[in-house]
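The values are calculated or read from the model by the stated rules, or taken from the named source; none is laboratory data. Quick caveat, the model's predicted, so the values are computed rather than measured. Cβ: placed from backbone, ideal geometry, glycine included. Neighbour counts: every protein chain shown.
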């Protein structure tokens, strides 16, 4: 048995529960759908379930393809989501770094920001370089 089948079974259950089916009916429908073919592709299963992009995103489905978007469009959407997530992480990391800094380090960082001097790196080493990269605007 393919481990992807178990993930797809869970995603099929999410779709069917969202459509309002009862628990017993969902279980039977999932098994019937999975038994229709030996191996389902993402696109074929998306067509079988008539899965739209909006529903796919709303339910958090990752292994079944949407019927109203191309693979390229999906790749671009998820790439942008990843970029946004990384931006939020970097913003959070920057605030955490300043919270953990001593008052002297914060003053030195402020001096660096006003002067933008490369002497700062020479004087304080690689730690200063990491801080400068973290706070680059």
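What to note about this one:
- Of all the criteria given as (1) exposed (fewer than 11 other Cβ atoms within 10 Å of the Cβ); (2) touching a residue at least 12 places away in the same chain (Cβ under 8 Å), the one not satisfied by residue 95 is (2).
- Residue selection: residue 105 satisfies the criterion of being touching a helix residue (DSSP H, G or I) at 6+ places or on another chain (Cβ under 9 Å), modelled with pLDDT of 75 or more and outside the structural domain of residue 57 (by TED's automatic domain parsing).
- Among the residues making up the range 51-78, those that are closer than 12 Å to residue 15 by Cα and touching a helix residue (DSSP H, G or I) at 6+ places or on another chain (Cβ under 6 Å) are 59, 61, 64.
- When the range 52-64 is filtered for residues that are surrounded by 17 or more Cβ atoms within 10 Å (Cβ to Cβ) and either part of a helix (DSSP H, G or I) or at pLDDT 95 or above (or both), the ones remaining, listed by number, are 55, 56.
- The requirement of being assigned to a loop (DSSP other than H, G, I, E, B) and over 21 Å from the mean Cα position of the chain (by Cα) is satisfied by residue 39.
- Among the numbered conditions (1) surrounded by 11 or more Cβ atoms within 10 Å (Cβ to Cβ); (2) over 27 Å from the mean Cα position of the chain (by Cα); (3) outside any helix (DSSP H, G or I); (4) modelled with pLDDT of 70 or more, the only one that residue 26 does not meet is (3).
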